[in-house]
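Each value in this text was obtained by applying a stated rule to the coordinates, not by laboratory testing. On a predicted model such as this, the values are computed, not experimentally measured, just so you know. Here the Cβ positions follow ideal geometry from the backbone for every residue, glycine too, while neighbour counts run over all protein chains shown.
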Amino acid sequence: MTTFDADGVTLEQIREYVWEVKPEGEMRTPARVLASEALLEEISQDKTLEQLQNATHLPGMTDYAICMPDGHQGYGFPVGGVGALDAEDGCISPGAVGYDINCGVRMMRTNLTYEEVKGREEELVDSLFANVPSGLGGGGIVESGIDDVEEILARGVDWALENGHAVEEDLLHCEDEGMREGADPSKVSQKAKDRGKNQIGSLGSGNHFLEVQRVTDVFDDKVGEAFGLSEDQIVVLIHCGSRGLGHQTCNDYLRKIEQQHQGMLEQLPDKELAAAPAGSQLAEDYYGAMNAAINFAWVNRQLIMHRTRKVFERVFERSWEEMEMDLLYDVAHNIAKKETHTVGSAGDGSDVREERELYVHRKGATRAFPKGHPEVPAAYRDVGQPVIIPGSMGAGSYVLRGGEASMDLTFGSTAHGAGRLMSRTQAKNDYWGGDVQQELEDQEQIYVKAQSGATIAEEAPGVYKDVDEVVKVSDELGIGDKVARTFPVCNIKG
Amino acid sequence: MGFELREHTADIAVGATGDSLESVFGAVADGLAAASTEDIPQTGGDRFSLTVSAENLEALLFDYIDELIYLRDVRLELPVDNRVEKLEIAELGESRTKDDSADETAYSIEATARGVPLSEITAREIKAVTYSEMRLEETDDGWEAYVVFDV
């Protein structure tokens, strides 16, 4: 048996790319890491494994807690973590969803080729930067009152459709058609709504960005065609979440859990794992509030996408319809969803498998349902759900499709990005924003514009894991199959 | 006495010290400002005040930073030069032992900050304060705190 020793934690190799920490102490289930040895080496450098082991203490953890190949240390639950918690006798954990509820990525196609954009990158990046709010205090695309916030929370992208920020087709290419059932705006605090009000249609800062990209490779012609992707095509990737509204919602519920479910909290090794017992009023309230915040994030990305269409219209002097700027798909990578999965019965070692309703927590992980799954939108049901994996500014991104093995191995999930390798402080010591920007432009013809040079340094390509290696693991395990690769053309960030 | 920003893979942590609870709380809040921008203007912006109460000391620190982030987003100002004017522990008087249980709202602070308009600075967004690895401990010299912010 091959083992990997990571500073006192022993991982046994179950099969290629699957490593397992056996339950010890208060762990309710094993903890699994899906990684190559090179990625495991990186994952074992910080507190990722400790946080993953801690996550298995959550009541109702089913089969195992999983760390994706791009996993890294977060707070409480690791980033790149998947945990399926029983929806009947388990719990739901705001900390295992993360602060940025429905942080996610969407990709919009165009029928432009790289040749048509070449030479106009600076004009394009300047216009995008001027028209898409980013950074701290940059406002939002729409000026709205609290009534609009309520509507957005309840109805999601349907609100955008009614108000001229979307077309019908956009809804059909978004998970849940852009409207989460069970959203309850009354469970979102006034404070959260006040924060969200100024930020509807804004990127924020940190690792969030908007990037114009060109498709460099299509690995699977049939699926590529179904996704409408071909080589040299220009696409737009948008990465952001639910802004202050989501962050506040997470903290509001962490504090409520601390006050109302102290008993459960005391059993957990990290306060940030705070969870509400399934069936409790607070679990219901959080689920309603989180679903509302999910809608808010979808509207946020929708407004940015629709604004991007207008920018392209001005720069290329054609209508967006003529440029066929259509939404390919929108994926969430910080979310918990009630889903039914076939699982092993809780921890008794028997082989009995049964269907259970679970709160599947994906924190820095993406749903990756295979073809035929009823929850994959009709447009893609014959090939599998599109999965968008953003890479760093210099490395490009991937489009995958949900793989056949995902339901058995990962509760229908795969990775969400390259995953950080280097701390922000170290990044700022090692890189200078201006240099990174200039190098990307000179050597890679990538045009970057950001509110702050520090953000560019902190997000420099060298601070991320190798996205190729992450995607290789996903592809070879069959949880998310490679469809296409893209490379940045221009990028704006906060 | 003061704060320093510490290494963290994805986020930013602040380590702070103070000779009193008031000063260590203020130092963590100044850490939030420093994590948001490298160039805090020496002048400009008006001071505003806030009050926060919670059921224990750690929760009070959490809620204080959470409130500053909330106020940042709704006032569109970055709170800098933070001062905790008064920290009150209603039930426990002077003993200030955080492990003792106390009723809700037993712990409260009155604080002020100078709100620098976000339009005048280039700042990045700290999403939230977290409980992850949070420490607030009494030492021979006063108090020490460690707080991770989500970026």
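General remarks:
- Helix A:243-260 axis, angle to chain A major axis (alpha carbon atoms, nearest 10°): 20
- In units of the rule-of-thumb radius 2.2 N^0.38 Å, chain A shows an alpha carbon radius of gyration of 0.91.
- Relative contact order of chain B, defined on C-alpha pairs under 8 angstrom at six or more residues apart (%): 33
- Fewest-first sequence of A:380, B:146, A:64 by Cβ atoms within 10 Å of each Cβ: B:146, A:380, A:64
- Centre-to-centre separation between the Cα atoms of region A:447-494 and those of region B:122-151: 29 Å.
- An ellipsoid equivalent to region A:399-494, defined through the eigenvalues of its Cα gyration tensor, has semi-axes of 31, 15, 10 Å when rounded to whole angstrom and sorted largest first.
- Using the Karplus relation 6.51 cos²θ - 1.76 cosθ + 1.60 with θ = phi - 60°, the per-residue 3J(HN,Hα) values for region A:276-292 come to 9, x, 4, x, 6, 4, 5, 4, 5, 4, 5, 4, x, 5, 5, 4, 5 Hz, with x marking Gly and Pro.
- Order of A:398, B:70, A:464 under a 10 Å beta carbon neighbour criterion, fewest first: B:70, A:464, A:398
- Taking N as the residue count of region A:151-227, its C-alpha radius of gyration divided by 2.2 N^0.38 Å amounts to 1.45.
- Taking region A:440-494 and dividing mean pair separation by its residue count, relative contact order in percent (alpha carbons under 8 Å, at least six apart): 56
- In terms of other Cβ atoms within 10 Å, A:56, A:340 run from fewest to most in the order A:340, A:56.
- When the P(r) of region A:106-147 is calculated, the portion above 11 Å amounts to 76% of the C-alpha pairs.
- Within-9-Å neighbourhood charge of residue A:490 [Cβ basis; K, R +1; D, E -1]: -2
- With the gyration tensor restricted to C-alpha atoms of region A:1-122, the semi-axes of the equivalent ellipsoid amount to 34, 20, 13 Å, longest first.
- Relative to the longest principal axis of the Cα atoms of chain A, the long axis of helix A:146-155 lies at roughly 70 degrees.
- Positive-end residue, the protein assembly as shown charge dipole about Cα centroid, Cβ charges, pick of A:167, A:434, A:479: A:167
- Helical runs assigned H by DSSP (4 residues or longer) give chain A a calculated mean residue ellipticity at 222 nm of -9500 deg cm²/dmol, each run adding -39500 (n - 2.57) before division by the residue total.
- If you plug the beta carbon distance of residue A:340 and residue A:12 into 1/(1 + (r/R0)^6) with R0 = 30 Å, you get a FRET efficiency near 0.50.
- Kirkwood estimate for region B:2-150, i.e. one over the average of 1/r between Cα atoms, Å: 15.4
- Centroid-to-centroid separation of region A:371-444 and region A:220-291 [C-alpha atoms, Å]: 18
- Within 10 Å of the Cβ of each residue in A:130-137, the mean number of Cβ atoms contributed by other protein chains is 4.
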